[in-house]
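Note sheet for the following structure.
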Amino acid sequence: MILRQRPAHCNGAVRAAARRPFQALFFCYTCSLARGARARRVRCAASGGPKETTVRQTTGQSPERAVAAGVSARPESGARLDLAIERARDNLLGQQRDDGHLCAQLEADITLEADLILALHFLRRARTHAGLIAKAAREILAQQLPGGGFSIFPGGPPDVSATVKAYFALKLAGIPAGAEQLVRARAAVAELGGITRCNTYTRLYLALFGQYDWKGIPEILPEIMLLPPWFPLNLYDMSSWSRAIIVPLMVVNHYRPRAPVPEGCGIDELRGDRRAERTLYVESRNGTSPWKRVFLSLDPLLKLWSRQPIAAIRGRALRKARSWILRRQYRSEGLAAIWPGIVNTAFALTCLGFRDGDPVLERTIRHMLDLIIENGEHLKVQPCKSPVWDTALTMVGWLRAGMGSADPALVRAATWLLDREVRLPGDWRVKRPHAAPGGWYFEYANEFYPDLDDTSVVVMALACVDLGPAQPVLQSAIDRALGWVLAMQSRDGGWGAFDADNRHPILCDVPFADHNAILDPSTPDLTGRVLEMYGRLGFTERDPQIARAVRFLIGAQEQDGSWFGRWGVNHIYGTAEVLVALRAVRHDMARPEVERAADWIESVQNPDGGWGERCDSYHRPDTRGRGESTPSQTAWAMLGLVAAGRWDSRALALGADYLLAAQKDDGTWEERYFTGTGFPSVFYLKYHFYPQYFPLMALAACRARTLDAWPVAINVKPSLAAYRRSPSRRRLRFPLHQSLAIGKYIAGRTLRRRSRFPMVLMLEPLHRCNLACTGCGRIKEYRDFMDSEMRVEECLDSAAECGAPVVSICGGEPLIYKDIVPLAEGLVAQGRYVYLCTNGQRLAAAAPEFKPHGRLILNLHLDGPRGLHDAITGRSGSFDRAIAGIAVARARGFRVTTNTTFYATTTLDDLRALFEYLLPYGVEGHTVSPAYAFSDAECGGEFFLSREAIKERFGGLRALARRFPLLCSPVYLDFLLGARDLPCAPWANPTRNVAGWRAPCYLLLDRHYPTFKDYMEGVDWEGLGPGKDRRCRDCMVHAGFEPSAVLGGGAGLRDILRIARWQLA
């Protein structure tokens, strides 16, 4: 191979070409320039600050550490590196699904396959799913070690809990005790100390089948549910995943069911002396603390309480546990969307009396089975699914590789992620009651449990994507996420995964905490990820929140210079994350902590050029940074070296050489070992995409010689403090000035004994529209007036003639009216409250033309969530354009409300989904009205609701009114639900359009009057309404009946007080 025009200081690399050709290629490429012969400008590694300097080679500088002045022509090594990056990028593009997301298998050890067999037997579904059990048994046997045991990570030693659970599962699967595999497994269990050395959760699962004595299992009291959040050792002092595991087991611990075991499938041969089972054994990895001894001594007393609890207290605790479990099924793929939470929930529901066929139990079992991946005669059970994580990290890889911000792959992925934004408060709200929701979770659906790691990566990815017209939606989602992450910072300056200040060490000594992850404290790797996110957006140590986090990181550095990695194995992961974070926030990268960390990374490099670390490094310090090389851990180490400024170190070149040599022709890398962490020392993970997108990131960063090559495409506020957000405070249904003004108007007309007077003028300055919605009859009714428009002066004169305090500018689509801005300003100047009723298609572009005002309200018509709304409007993307308009309007300070028409195809779940989606945008309120069939509506009569159907379908609207700010008065809701009658008041909502004053009402058309006075005097008001005009038979729309509700409608003092309380709620 010929290397053209290499600079002199590359000779050392070239001399090694025969031994390491890829190293030589990479070394020469990293010494080239992107701009021909011009000197390369790089950020000063010594200061880490914004200053830039031209770096030249100095006399006597080591070729391994020199930064080259460059050459004019690009060496062949560049083509090799480009090809590797292109292959990796294209491989991931091929993995993208039609809706834009990516999700690879998440693999764990065989305890999950064993759990599956046990769960199917407990739930009495073994016969139904015999095929799954057989495949699970084959997978378990395939992972058996030569000595008969089972490990919890590849290359690891046998684990007693995994081996016992696998043994029992294999027997339940029909493998006899005399089989050679089980004989070897029994020997392994004996060598590991016997069945009593299993962890709490394995022993509890055995007890469910009568294969272990409950006396040897720590008590998990349901009464924990009753402890308030301020009480020490309450439920919310535990990690989120511990809560999901333990709360269902509280129920199980109370009922202590016993599932039948088929004859010959028990494990008596493992149990030995049963008296040993009655002694509580808890493994202690960090020695026996005084608190552990206290808890162990208290366990007999707790067992005594459980045998004879106070019925009222225990009953209340069980009811609260039941409610807690069921509530967290909403918008989730099971409890916390993780395998142990889902399986334990199935056990608990069975104990609580849920039977086969019950939708809650069936949904839980379905979530459990959805985690199975079948592969021929084998299967794997995933601990959960990782679509958000995989999608966001893949996007980061694409961006680092140079993909454009508007690339269709990025746009589709970003759109998919935006739909997974968290909109409801979860468990995190207990510790941060004043924080507003935001962020993202890990799985497809897990609304109660967003996490800081996913949120940080998603923000980094989304911030560099250009969604065009939908960019305001992306911008507002990122703003909410940044505020939520900021609120979740712990007092020590760091961040945990799901909770803030979750760090009570006493809980680690609770007997049932032997899964080694009962807490979710601040960790260096996660804090590093958050800082990387903030740094990518331009924030530095000048912000006090970031300065606190940097101090936390420096204080957490190990003596050898590395950092602990909680969520990736282990110190390689943690050290790389911290170095990348420090670079991102412009930390001084010449400081000793950075040099020590980079030196440590170089010191643990393997002879093959890669890096690796075993899972047992969590409890064996001598194995830190030691293990067979893996692509993902090599990529992490390389990113750490790039962040430390060691662009041209020999270690970095060797690492690139390793990745280039290990890449397959299809652009992928193979990885045998587990590099992800669930519970340190207990449960590990293999992310099948880790060896794909992390090497892509590392190679792309080496090619760019920077971690900041991908530009940000959003607006960033000047300081982190500007992102502090609080949940919307309870406020008046309408602003006080609006209520007083309208109340004054009504009182004046009433005192003058006016029986009929206008409340809201429906002003239609045009009838053209940019949509053709189902159910709308205006297009046909006014086909002869489509090119006509009212002049601004006509509109203002009509408002003055009518005198109504509120004007609703509708149409047609008012934003395509050429004089809409002066019209709105003129009406506001008259002192009227103006509702600009728009479909939102042009709002994002038009909003900057208006000036926000307390009397100007933008009212968007949204007929349901995305799919339903787009179907009704007949135009794909109309919902997203409207939401983008809302985002822009709210960002500019406008008041925003929505109006939804309830058709026969609409459900209350559609309304709930819509209102939940709108929660983060600060929408002031929502109006809901049943659809009425215009005589010229663009649909059949089956699209509309009869009066009887309205009363039936609106039954749950009152519950929605308790959760969301509905603008329908309680009296009008009574009317919709059939609890009372209201007279129609069409005169309260007169309509003025290009043809004149429409009569008799907004929905019916008999004629047009030239003046408002003629309209009020010419219509036979007594002849309108249900039972009077056949056209009014099924009408219950708010335009006719809400005024009657607000004006009293013949009701007494009780209704007046209800409306007053509703306004103040």
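The values are calculated or read from the model by the stated rules, or taken from the named source; none is laboratory data. Worth saying up front: this structure is predicted, and the values here are computed from it rather than measured. Quick reminder, even Gly has a Cβ in these numbers, built from the backbone with ideal geometry, and neighbours come from all protein chains shown.
Would you confirm, using the coordinates I've provided, whether residue 829 is on the phi < 0 side of the Ramachandran plot and either among the polar types (S, T, N, Q) or within 40 Å of the chain's Cα centre (by Cα) (or both)? Answer is no for this residue.
Taking residue 132 as the residue in question, decide whether it is surrounded by fewer than 22 Cβ atoms within 10 Å (Cβ to Cβ), within 17 Å of residue 342 (Cβ to Cβ) and in contact (Cβ under 8 Å) with a residue 12 or more places away in the chain. When the stated conditions are applied, residue 132 passes them. Scanning the range 784-818 for residues that are closer than 17 Å to residue 839 by Cα and among the charged types (D, E, K, R) yields 813, 818. When residue 736 is tested against (1) touching a His at 6+ places or on another chain (Cβ under 7 Å); (2) hydrophobic (A, V, I, L, M, F, W, C); (3) free of Cβ contacts under 8 Å to residues at least 12 places away in the same chain, exactly one condition is not met: (1). Of all the criteria given as (1) out of contact with any helix residue (DSSP H, G or I) (no Cβ under 6 Å at 6 or more places or on another chain); (2) crowded, with 22+ Cβ neighbours inside 10 Å; (3) not aliphatic (A, V, I, L, M), the one not satisfied by residue 852 is (2).
For the range 177-190, state whether one or more residues are outside any helix (DSSP H, G or I), buried (at least 19 other Cβ atoms within 10 Å of the Cβ) and in contact (Cβ under 8 Å) with a residue 40 or more places away in the chain.
Within the range 177-190, the first condition is being outside any helix (DSSP H, G or I), and the residues that meet it are 177-179.
This time we only want the ones that are buried (at least 19 other Cβ atoms within 10 Å of the Cβ), so: none.
Scanning the range 177-190 turns up no residue that is outside any helix (DSSP H, G or I), buried (at least 19 other Cβ atoms within 10 Å of the Cβ) and in contact (Cβ under 8 Å) with a residue 40 or more places away in the chain.
For the range 647-660, enumerate the residues that are surrounded by fewer than 24 Cβ atoms within 10 Å (Cβ to Cβ) and under 21 Å from residue 574 (Cβ atoms). The answer is 649, 651.
Taking the range 835-855 as the range and being more than 32 Å from the chain's Cα centre (by Cα), free of Cβ contacts under 8 Å to residues at least 60 places away in the same chain and within 18 Å of residue 763 (Cα to Cα) as the test, only 836 passes.
Checking residue 364 against (1) surrounded by 16 or more Cβ atoms within 10 Å (Cβ to Cβ); (2) in a loop (DSSP other than H, G, I, E, B); (3) assigned by TED's automatic domain parsing to the domain that holds residue 118: exactly one of these is not met. Which one? Every condition holds for residue 364 apart from (2).
Whether a residue is in contact with a Pro (Cβ under 9 Å, 6 or more places away or on another chain), surrounded by fewer than 18 Cβ atoms within 10 Å (Cβ to Cβ) and free of Cβ contacts under 8 Å to residues at least 12 places away in the same chain was assessed, and residue 893 does not pass this test.
Per the listing 824, 799, 829, the residue uniquely closer than 21 Å to residue 847 by Cα, in contact with a strand residue (DSSP E or B) (Cβ under 8 Å, 6 or more places away or on another chain) and at pLDDT 95 or above is 824.
Yes or no, residue by residue, for (1) in the same structural domain as residue 456 (by TED's automatic domain parsing); (2) modelled with pLDDT under 95; (3) closer than 30 Å to residue 712 by Cα:
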{"position": "528", "(1), (2), (3)": "yes, no, yes"}
{"position": "585", "(1), (2), (3)": "yes, no, yes"}
{"position": "595", "(1), (2), (3)": "yes, no, yes"}
{"position": "608", "(1), (2), (3)": "yes, no, no"}
{"position": "611", "(1), (2), (3)": "yes, no, no"}
{"position": "615", "(1), (2), (3)": "yes, no, no"}
{"position": "619", "(1), (2), (3)": "yes, yes, no"}
{"position": "622", "(1), (2), (3)": "yes, yes, no"}
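Residue check: is residue 175 within 23 Å of residue 670 (Cβ to Cβ) and among the hydrophobic types (A, V, I, L, M, F, W, C)? Outline the logic, then answer.
Numbers: within 23 Å of residue 670 (Cβ to Cβ): no; among the hydrophobic types (A, V, I, L, M, F, W, C): yes.
Criteria not met by residue 175.
When residue 367 is tested against (1) touching a residue at least 60 places away in the same chain (Cβ under 8 Å); (2) under 23 Å from the mean Cα position of the chain (by Cα), only condition (1) is not met. Of the residues contained in the range 847-854, none is found to be modelled with pLDDT under 95 and on the phi > 0 side of the Ramachandran plot.
In summary, helices (runs of 4 or more DSSP H) completely within the range 211-325 and bearing 3 or more residues that are touching a helix residue (DSSP H, G or I) at 6+ places or on another chain (Cβ under 6 Å) and more than 30 Å from residue 360 (Cα to Cα) occur at 290-307. So, residue 1025, is that one within 51 Å of the chain's Cα centre (by Cα), surrounded by 16 or more Cβ atoms within 10 Å (Cβ to Cβ) and either in a loop (DSSP other than H, G, I, E, B) or of a type in the set (Lys, Arg) (or both) or not? So residue 1025 fits the description; yes. Candidates are the residues of the range 388-419 that are surrounded by 22 or more Cβ atoms within 10 Å (Cβ to Cβ) and in contact with a His (Cβ under 7 Å, 6 or more places away or on another chain); the one that is nearest to residue 695 (Cα to Cα) is 391.
Residue-level analysis places residue 121 outside the set of residues that are in contact with a Leu (Cβ under 9 Å, 6 or more places away or on another chain), assigned to a loop (DSSP other than H, G, I, E, B) and not assigned by TED's automatic domain parsing to the domain that holds residue 403.
Could you please let me know if residue 800 is touching a residue at least 24 places away in the same chain (Cβ under 8 Å), over 16 Å from residue 994 (Cα atoms), hydrophobic (A, V, I, L, M, F, W, C) and assigned to a helix (DSSP H, G or I)? Answer is yes for this residue.
Scanning the range 661-670 for residues that are part of a loop (DSSP other than H, G, I, E, B) and surrounded by fewer than 21 Cβ atoms within 10 Å (Cβ to Cβ) yields 664, 665, 666, 668, 670. Restricting attention to the range 527-556, and to residues there that are under 13 Å from residue 494 (Cβ atoms) and among the polar types (S, T, N, Q), which single residue is surrounded by the fewest Cβ atoms within 10 Å (Cβ to Cβ)? Here the residue is 545. Within the range 625-647, being in a loop (DSSP other than H, G, I, E, B) and either under 21 Å from residue 529 (Cα atoms) or at pLDDT 95 or above (or both) holds for 625, 626, 627, 628, 629, 630, 644, 645, 646.
When we screen 219, 180 for residues that are farther than 30 Å from residue 687 by Cα and at pLDDT 95 or above, the only hit is 180.
Considering only residues that are β-branched (Val, Ile, Thr) and either closer than 24 Å to residue 509 by Cβ or touching a Gly at 6+ places or on another chain (Cβ under 8 Å) (or both), which ones fall in the range 166-219?
183, 189, 195, 196, 200, 202, 217, listed by residue number.
Counting only residues that are aliphatic (A, V, I, L, M), within 12 Å of residue 756 (Cβ to Cβ), within 53 Å of the chain's Cα centre (by Cα) and assigned to a loop (DSSP other than H, G, I, E, B), the range 979-1022 holds 1 of them. Of the residues that make up the range 461-476, is at least one touching an Asp or Glu at 6+ places or on another chain (Cβ under 6 Å) and modelled with pLDDT of 95 or more? Looking through the range 461-476, none of the residues is touching an Asp or Glu at 6+ places or on another chain (Cβ under 6 Å) and modelled with pLDDT of 95 or more. In the range 898-916, the qualifying residues are those that are crowded, with 19+ Cβ neighbours inside 10 Å and hydroxyl-bearing (Ser, Thr, Tyr), and the one that is modelled with the highest pLDDT is 898.
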